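Chemist: Sharing a structure with you now.
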Amino acid sequence: MFDPTDFPKPTMISLNGVELEVFECGQENVGRPIVLCHGWPEHAFSWRFQMPALAAAGYHVIVPNQRGYGNSSRPTDVSAYDIEHLTGDLVALLDHFAYENAIFIGHDWGANVVWNAAMLHPDRVQKVIALSLPYQQRGDVPWIDFIEGFLGSDHYMVHFNRRPGVADAILDENRYQFLRNLFRKNEPPVVPEPGMMMINLAKAIVPSGEPLMSDLELSVFDTAFKASGFTSSINWYRNLDRNWHLLAKVDPIIHQPALMIYGDRDVVPKSPNLSDFVPKVEVVCLDAGHWLQQEMPVETTKVIVNWLR
């Protein structure tokens, strides 16, 4: 359990046409930047356990609420959340602090942004640490068509794109219940029920498994999404096909040293050919679900710090 009052106070930073809410610690370690990127539907607070440990290890820890989240800007144009904008925010963040490059850590969607930053801005990314989501190989078919053909029209990423606004409204209406039901651990294996997973979670009266965090910790996420709603963060998914086109001529190989941390009980599949695209990767697996750095904070942090050493 973590007391939210112990979390650093944010600074609002104007960059790349938006304002980002940025949390820091270890400012005395100027010159050794490490940037932590959260996933969906999360918040910079999801790195609460790693921030002090990384500062103690000698890093200037920089943790933005990325565009669409928390008190950061929420542009109305869907295309403002494409991968060029998202990685551009990270580059502009380095410029703000006058850093040539940094180590980047990402979880879930944040991992996707970090992988892409390493491709789109290779000179600005020193090392990559990805949690839960491995590098996603760009195939011959745009992402949404590929996912729909493989996993069906009820898959949440397809639903977000094919039926814009529907899930947003249901998640907004059932905000606390959705977040409470989503952030769980030690969930028993069950046969997937029909329908769209995120909508099912939002409507479920009884949660599965055990709570990932205390009510006080969960209130940080709940308060943030009460203010922002879910549309701006879901708009990241609505750029998957746009991102596919944008990356058409980009070198698909991650040349930087990388650490991939999987949760063995995560529903996100492990990559069968990760080293083909990330030749300098080291892989570590933990006995955890999807929310690695919150479910097993001590173990996750130890793996990260040891690898950085």
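The values are calculated or read from the model by the stated rules, or taken from the named source; none is laboratory data. Every value quoted in this text rests on a predicted model; they were computed, and no experiment measured them. Remember, those area values only see protein heavy atoms, side chains included, never the ligands or the DNA or RNA. Shrake-Rupley method; radii C 1.70, N 1.55, O 1.52, S 1.80 Å.
Chemist: Restricted to Cα positions, what overall size does the stretch 200-242 have along the principal axes? Three whole-Å values, descending.
Modeler: 37, 22, 16
Chemist: For the chain, modelled as a GNM with alpha-carbon contacts under 10 angstrom, which of HIS159, HIS255, HIS245 fluctuates the most?
Modeler: The residue that fluctuates most here is HIS245.
Chemist: Please give the per residue volume of the convex hull enclosing the alpha carbon atoms of the stretch 93-239, rounded to a whole number of Å³.
Modeler: Details: hull volume 22.0 nm³, N = 147.
Taking the convex hull of the Cα positions in the stretch 93-239, it is 149 Å³ per residue.
Chemist: Right, another one. Relative to 2.2 N^0.38 Å, what does the C-alpha radius of gyration of the stretch 136-179 come to as a ratio? Two decimals please.
Modeler: Taking N as the residue count of the stretch 136-179, the ratio is 1.39.
Chemist: Report GLU148's accessible area, 1.4 Å probe, all protein chains in place, as a number in Å² to the nearest 10.
Modeler: 60
Chemist: On a full-extension model of 0.36 nm per residue, what is the gain between VAL298 and GLN177, subtracting their alpha-carbon distance, rounded to one decimal in nm?
Modeler: Values: separation 121, 0.36 × 121 = 43.56 nm, distance 2.75 nm.
40.8 nm is the gain from fully extending VAL298 to GLN177.
Chemist: Normalising by the residue count of the stretch 27-151, find the relative contact order in percent from Cα pairs under 8 Å and 6+ residues apart. Before the final figure, lay out each step's value.
Modeler: On the way: 178 pairs, mean separation 31.9, N = 125.
Relative contact order comes out at 26 percent.
Chemist: For LYS203, go through the lysines and keep the ones whose alpha-carbon is under 25 Å away, minus same-chain ones fewer than eight residues off.
Modeler: Partners within reach: LYS185, LYS226.
Chemist: Only Cα pairs within less than 10 Å get springs; with that Gaussian network setup on the chain, which residue of MET260, MET197, MET51 has the largest fluctuation?
Modeler: Looking only at MET260, MET197, MET51, the largest GNM fluctuation is found for MET197.
Chemist: Looking only at LEU131, LEU182, LEU20, which one moves most when the chain is put into a Gaussian network model with springs between Cα atoms under 10 Å?
Modeler: Taking springs between Cα atoms under 10 Å, the residue moving most is LEU182.
Chemist: Which order do you get for CYS25, CYS285, CYS37 if you rank them by accessible area with a 1.4 Å probe, largest at the top?
Modeler: Details: CYS25 25, CYS285 60, CYS37 0 Å².
The most accessible residue leads, giving CYS285, CYS25, CYS37.
Chemist: Next question. If ligands, DNA and RNA are left out, what is the accessible area of ASP251 with a 1.4 Å probe, given in Å² to the nearest 10?
Modeler: About 70 Å², rounded to the nearest 10.
Chemist: To continue, here is another question. When you have a sec, figure out the Kirkwood radius of the stretch 113-166 from all distinct Cα pair distances and drop it here in Å to one decimal?
Modeler: Numbers: mean 1/r = 0.0755 Å⁻¹.
By the Kirkwood definition, the hydrodynamic radius is 13.3 Å.
Chemist: Take every Cα-Cα pair in the stretch 171-309 and report what % of them are more than 19 Å apart.
Modeler: On the way: 6272 of 9591 pairs.
More than 19 Å apart: 65 percent of the Cα pairs in the stretch 171-309.
Chemist: Further, regarding this structure: What whole-number distance in Å separates the alpha-carbon centres of the stretch 229-246 and the stretch 15-64?
Modeler: The stretch 229-246 and the stretch 15-64 have Cα centres spaced 23 Å from each other.
Chemist: Further, regarding this structure: Taking H as built 1.01 Å from N, whose amide H comes closer than 5 Å to the amide H of SER72, not counting residues under 5 places away?
Modeler: GLU21
Chemist: Through the Karplus equation 6.51 cos²θ - 1.76 cosθ + 1.60, θ set to phi - 60°, convert the phi angles of the stretch 51-63 into ³J(HN,Hα) values in whole Hz; use x for Gly and Pro.
Modeler: 4, x, 5, 6, 5, 5, 7, x, 10, 8, 8, 10, 10
Chemist: Using only the Cα atoms of the stretch 147-232, build the gyration tensor, take square roots of its eigenvalues as a ≥ b ≥ c, and label the shape rounded, prolate or oblate: rounded if a/c is under 1.5, else prolate if a/b is larger than b/c, else oblate. Before the final figure, lay out each step's value.
Modeler: Values: a/c = 2.37, a/b = 1.23, b/c = 1.93.
Verdict is oblate for the stretch 147-232.
Chemist: Run through the DSSP bridge list for the chain and note the antiparallel percent, rounded to the nearest 5. Please report the intermediate quantities before stating the final value.
Modeler: Working: 12 of 35 bridges.
Of the beta bridges lying entirely in the chain, close to 35 percent run antiparallel.
Chemist: For Cα Rg over 2.2 N^0.38 Å, the choices are (i) 1.02; (ii) 0.93; (iii) 1.22; which was calculated from the structure?
Modeler: Answer label, from the structure shown: (ii).
Chemist: Where only protein heavy atoms count, and the probe is 1.4 Å, what is the accessible area per residue for the stretch 102-170 in Å²?
Modeler: Accessible area per residue: 39 Å².
Chemist: In terms of modelled amide H atoms, which long-range or inter-chain residues lie less than 5 Å from the amide H of LYS185?
Modeler: GLU210, LEU212
Chemist: Another question, then. Restricting the calculation to Cα positions, tell me the Rg (one decimal) and the Dmax (whole number) of the stretch 1-136 in Å.
Modeler: 13.7, 40
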